[in-house]
Every structure is written in structure tokens, then in C-alpha cells.
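Down below is the structure, laid out as C-alpha cells.
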Amino acid sequence: MAAARVFGACAGRALMAAAAKGGAAAAKKVAASGGEATIKTAKKTVSNRSRSSPNAGIQKVVPVSSELGKFLGSPEVSRTDAVKRVWEYIKHQNLQNPTNKKEIFCDEKLKTIFDGKDKVGFTEIARLLSNHFVKSG
């Protein structure tokens, strides 16, 4: 409590984090700057992490089925980009049920990638799209 009164609520947490990481010298630096040093280092850590593996996991560009490739206009796409483009199409064509926003009405173009279903729930979209991504190895 005393640290929060002297340094402010955020600076107390920053002071404790800096002390745990870098020792007394870093804690004095944080106390002098009012906690700004810890915020800057946290942002730097996150940005470095995202740069080290930009094409990993769901952001990796992979081959897709011919149906999804025709829909998206590309033979290879990342999972996140595919979902984003499908949602853009749904919004642009006004296919979301106005009374139940969780429900999507499928037109002929969407039926080709959603197994011929007339309606799908918005939680089903990622699962139905996963069938179109080519399994590697």
C-alpha cells in the first residue's frame, strides 16, 4: 500500500516487476521515470515476438481446396485471411439473419464451401472452412 501512495497505483506494479527482472538498479530507474520504462519494454517484447514468426500457425499461407480457391480467388491463403474474406462477403451481400445475428443465410456461392447448407451458425464457419485446407504430412 505504501508504494502505491508514494509512486502511484501503476508505478507500484511496474516497480515490483522491474525489481523481479533486473534488480535494484532497474527498480530505481522505474521509480524515477514513473513506470514508463516498463511499459516501453513490454511493448518492445510483444513486437519482437510477432516479428520472429510471422507465418506460423493460423497465419501460415497454405494450399486450399479448389472450391475455396475459386471463392477467394487464390489457391493459397492463411486461415485467418480466409475467415476474414468470407465474413466480408457475408456482410457485403447482407446474408446475416437480421433477427438472429448468429445465423448466416447461404447463397449459391457460399453453399459451395459450406457443404450445401442453407443456413449456418457463425460458430460453424471456421469448422466448415477447415475441411477446405489441405492437410500436410
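The values are calculated or read from the model by the stated rules, or taken from the named source; none is laboratory data. Keep in mind that what you see is a predicted model, and the values were worked out from it rather than measured. Note that we place each Cβ from the backbone using ideal geometry, even for glycine, and neighbour counts take in every protein chain shown. Remember, those area values only see protein heavy atoms, side chains included, never the ligands or the DNA or RNA. Shrake-Rupley method; radii C 1.70, N 1.55, O 1.52, S 1.80 Å.
Sort out which residues of the range 95-137 are hydrophobic (A, V, I, L, M, F, W, C), assigned to a loop (DSSP other than H, G, I, E, B) and either within 22 Å of the chain's Cα centre (by Cα) or more than 18 Å from Ser65 (Cα to Cα) (or both), and write them in order of number.
Correct list: Leu95, Cys106, Phe122, Val134.
Filter the range 53-86 down to the residues that are touching a residue at least 60 places away in the same chain (Cβ under 8 Å) and in contact with a strand residue (DSSP E or B) (Cβ under 7 Å, 6 or more places away or on another chain), then identify the one that is nearest to Asn131 (Cα to Cα).
Ranking the candidates gives Val64 first.
Taking the range 58-72, which residues are open to solvent by 50 Å² or more (accessible area, probe 1.4 Å) and under 16 Å from Lys111 (Cα atoms)?
Result: Ser66, Glu67, Lys70.
When the range 73-84 is examined, which residues are found to be assigned to a helix (DSSP H, G or I) and open to solvent by 80 Å² or more (accessible area, probe 1.4 Å)?
Passing the criteria: Arg79, Lys84.
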